[in-house]
Amino acid sequence: MQRFRFCGDADCPDWVLAEINTLSRLSSIKLKLLARVVAEGLLNPPLDVEKAKKLFAESKLDLDVDLKACIACLSYIIFSTIRFNCNHGALLSELQQLGLPREHSTSIKKVIDDHGEHLVTKLKATSLKVNALDEIFVYEDPHDKHVMLDLDINGEHESVILSPLTVDVLLGNLKKSQIYND
């Protein structure tokens, strides 16, 4: 089993391997334009299918089946590369290892180079969201050292009582997550 960085150091899915062959039958210019349409569709859904169909119309591939498969494959490659923060030079090499010609691999890499920062921003904005914390009050019981948190989250009030050990663990976890987010 071979591992690929753009797949999160996992094996490349079989369906992607199958579609690499289909992608290689497009010209590198058409592939670059199709990859650009896919990247723009990931940034600002929905994907412009009509634009993709026009690019695909002149090829000798099946307009319905192969177009959808190519869009899915390019979406996977672009999204996974950004998701796993894969070095774009490594992506170029790995796509060639999978059988995509050098010019085609370079075309995909250039699209990711052009749209990468915007895709990262978009993916961060649409990732897991935590409910908005409106207000927080912290009270410490001086006798048994328990902490009471009064939280207002999205207009709803919640109260939580934490033991000293729980407070220490929570604080440690918050510090670790702050390091990861910075």
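The values are calculated or read from the model by the stated rules, or taken from the named source; none is laboratory data. Keep in mind that what you see is a predicted model, and the values were worked out from it rather than measured. When we count neighbours, we look across all protein chains shown, and the Cβ atoms used for this are built from the backbone with ideal geometry, even at glycine.
Determine which member of the set ASP114, ASP134 is assigned to a strand (DSSP E or B), surrounded by 12 or more Cβ atoms within 10 Å (Cβ to Cβ) and of a type outside the set (Phe, Trp, Tyr).
ASP134
Filter region 88-98 down to residues that are in contact (Cβ under 8 Å) with a residue 60 or more places away in the chain and either part of a helix (DSSP H, G or I) or under 15 Å from LYS110 (Cβ atoms) (or both), then give me how many there are.
Number of matching residues: 5.
If you check LEU123 against the conditions, is it crowded, with 16+ Cβ neighbours inside 10 Å, at pLDDT below 95 and either of a type in the set (A, V, I, L, M, F, W, C) or not in a helix (DSSP H, G or I) (or both)?
no
Take GLU103 and tell me if it is in the same structural domain as LEU17 (by TED's automatic domain parsing), surrounded by 15 or more Cβ atoms within 10 Å (Cβ to Cβ), of a type outside the set (Val, Ile, Thr) and farther than 12 Å from GLU19 by Cβ.
In short, no.
Going through VAL138, VAL167, VAL130 one at a time, which residue ends up being at pLDDT 90 or above and not acidic (Asp, Glu)?
After applying the criteria, what remains is VAL138.
Please verify whether GLY8 is small (Gly, Ala, Ser) and surrounded by fewer than 16 Cβ atoms within 10 Å (Cβ to Cβ), treating the condition exactly as stated.
It is true that GLY8 is small (Gly, Ala, Ser) and surrounded by fewer than 16 Cβ atoms within 10 Å (Cβ to Cβ).
Could you figure out which of (1) more than 16 Å from the chain's Cα centre (by Cα); (2) of a type outside the set (Asp, Glu); (3) crowded, with 19+ Cβ neighbours inside 10 Å isn't true of THR22?
Looking at each condition in turn, THR22 falls short on (3).
From (1) at pLDDT below 95; (2) polar (S, T, N, Q); (3) out of contact with any strand residue (DSSP E or B) (no Cβ under 9 Å at 6 or more places or on another chain), pick out the condition that doesn't hold for GLN96.
(1)
So which pairs qualify, if the first residue must be in region 18-45 and in contact (Cβ under 8 Å) with a residue 40 or more places away in the chain and under 11 Å from LEU74 (Cβ atoms), the second must be among the hydroxyl-bearing types (Ser, Thr, Tyr) and surrounded by 19 or more Cβ atoms within 10 Å (Cβ to Cβ), the Cβ gap must be under 8 Å, and the two must be at least 6 apart or on different chains?
What qualifies is LEU31/SER107; LYS32/SER107; ALA35/SER107.
Got at least one residue in region 160-179 being assigned to a loop (DSSP other than H, G, I, E, B) and in contact (Cβ under 8 Å) with a residue 12 or more places away in the chain?
yes
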